[in-house]
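Below is one structure; the comments refer to it alone.
The values are calculated or read from the model by the stated rules, or taken from the named source; none is laboratory data. Since this is a predicted model, take the numbers as computed values, not measurements. Please note: Cβ atoms are built from the backbone with ideal geometry, for glycine as well, and neighbour counts cover all protein chains shown. Note: accessible area is taken over every heavy atom of the protein model, side chains too, but ligands, DNA and RNA are not part of it. Shrake-Rupley method; radii C 1.70, N 1.55, O 1.52, S 1.80 Å.
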Amino acid sequence: MPAASEAFGPLEEDARRLDAADPLRGYRERFHVPALPDGRSVAYFCGNSLGLQPKRARDLLVEELDEWRRRAVNGHFEGARPWFAYHEQFREPAARLIGALPSEVVTMNSLTVNLHLLMVSFYRPTRERFKILMEEPAFPSDTYAAQSQLRFHGFDLAAGLLRLRPREGEAALRTEDILARIETEGASIALVLLGGVNFVTGQWFDMPRITEAARRAGCTVGWDLAHAAGNVPLRLHDWGADFAAWCSYKYLNAGPGAVAGCFVHERHARSPDLVRFAGWWGNDPATRFRMQLNETFVPREGADGWQISNPPIFALAPLLASLELFDAAGMDALRAKSLRLTGYLEFLLDRLPAGFIEVATPRDPARRGCQLSIRVPGRAKALRARLEAAGVVCDFREPDTLRVAPAPLYNSFHDVWRFARELADEGAHA
Ligand SMILES: *Cc1c(COP(=O)(O)O)cnc(C)c1O
């Protein structure tokens, strides 16, 4: 087999040829891609922030509005998708997405809320073992959540929050450094809480080795999969993490503020002693509606037992449209295309004048998802204006970084080519 990059070429017709040979090219049609005033579609690279709208999302949402209008309270038990069990439809597709058993997955709340609820159960500090190990930079919400958990348990923030920092002059963390830190400080660490894929650098951590090392050191392990779910292939069950949480509006295309996901490993499925914040939706459904007759909380087995409230049906409906597409395309095929798309982006970036840009994301495709974080020292502002004028949407972070995420479900090789052409034009004037 020829190396994947052999088929790459720098011309527009090369990009068109790559698109014609893409077995997943049809999926783009299943999304609303925003258009420019002249009718051309935008080249959209912000799927790591807010994924595009699946065309079927509106139908599924309107269906539930109609059920409400027609059936009112009976909609809980009648209709095509009764609300009483509505969230259960997500269990299997979400489990496939993150490599879990269906019973280990539940769709509920939003991401940071889920992190808190899971920390209630899995961050159980003692005097000797109370620290939380995170990466730097971590998403601010995760930092606030961890800090407030430390406070809640009466611990000092400076002593309680450990940060993994890249070595001087390096953008990404080295696995060996993460493992060494866990080995040397593990006895005082209660919880290792990392992003599966870091939101700034796009680095995909070595999740199985880190999970294994942390558990060996006696720590619990939680993964924030906000930038990993729907981006990279995951095997949460086999890797043995205690818990994970992710949002559904980034790579999972379920719309702004969409309902998030949770994973709780099977070994915690039947642990009545595990402390948790309870609500009726986490109770055994057989007695859920007995209300005042049942004052004792009987948690459902598995991740379902962490639910609190009855779910927001209108916020869930679009997720169904998106997960159907993930199931139809399959994570393996999506990852294969993702490697090609991001590889093509890298191939084009490597043809730019030396020193114009710098890729902060690991060069090893096994250590990243689809996102490349590109530093453009001194030219980022000008470049941003140029990209906007050309209908190329990516994200800009002060002072000089562009985050570009070609999503294999809807981005084309031609989109990537358009982005790179704007960089090349700017580079020619640098
Ligand atoms: C996007 C993101 C969040 C957002 O949290 P919400 O609770 O969904 O608002 C949190 N953490 C990480 C790592 C993220 O990437």
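For Phe396, the accessible surface of its heavy atoms amounts to roughly 30 Å² (probe 1.4 Å, protein chains only, rounded to the nearest 10).
One way to sum up the overall shape of the chain is the equivalent ellipsoid from its Cα gyration tensor, whose semi-axes run 37, 29, 17 Å, largest first.
Each of Leu173, Tyr144, Leu387 was scored by the projection of its Cα onto the charge dipole of the chain, and the greatest displacement toward the positive side belongs to Tyr144; charges sit on the C-beta of Lys, Arg, Asp and Glu. Simple rule: put +1 on each Lys or Arg Cβ and -1 on each Asp or Glu Cβ in the range 62-326, find the dipole, and look at Ala187, Phe84, Pro125; the Cα lying farthest toward the positive end is Pro125.
Dipole size of the range 345-411 about its Cα centre, with +1 on Lys/Arg Cβ and -1 on Asp/Glu Cβ: approximately 60 debye, rounded to the nearest 20. A 1.4 Å probe over all protein chains sorts Arg270, Arg335, Arg30, Arg81 by accessible area into Arg270, Arg30, Arg81, Arg335, starting with the largest. Mean projected area of the Cα convex hull of the range 76-217, taken over all directions, amounts to 10.4 nm². Dipole magnitude for the chain: computed about the Cα centre from +1 point charges on Lys and Arg Cβ and -1 point charges on Asp and Glu Cβ, it is near 360 debye.
Taking all protein chains into account, the per residue accessible area for the chain stands at 43 Å² (1.4 Å probe).
Surface calculation, 1.4 Å probe, protein heavy atoms: Ile182 sits at approximately 0 Å² accessible.
The accessible-area ordering, largest first, of the residues Lys381, Lys337, Lys131, Lys55 stands as Lys381, Lys55, Lys131, Lys337, per a 1.4 angstrom probe. Ordered from highest to lowest accessible area with the whole protein assembly present and a 1.4 Å probe, Trp68, Trp204 read as Trp68, Trp204. In terms of the mean number of neighbouring beta-carbon atoms within 10 Å, the peptides 339-350, 160-171 order highest first as 339-350, 160-171. Each residue was assigned an accessible area with a 1.4 Å probe, and for His429 the value is about 130 Å². Using a probe radius of 1.4 angstrom, the carbon and sulfur fraction of the accessible surface of the chain is 53%. Computed over every Cα-Cα pair of the range 193-262 and binned at 10 Å starting from 0, the pair-distance distribution P(r) comes out as 21, 52, 23, 4 percent.
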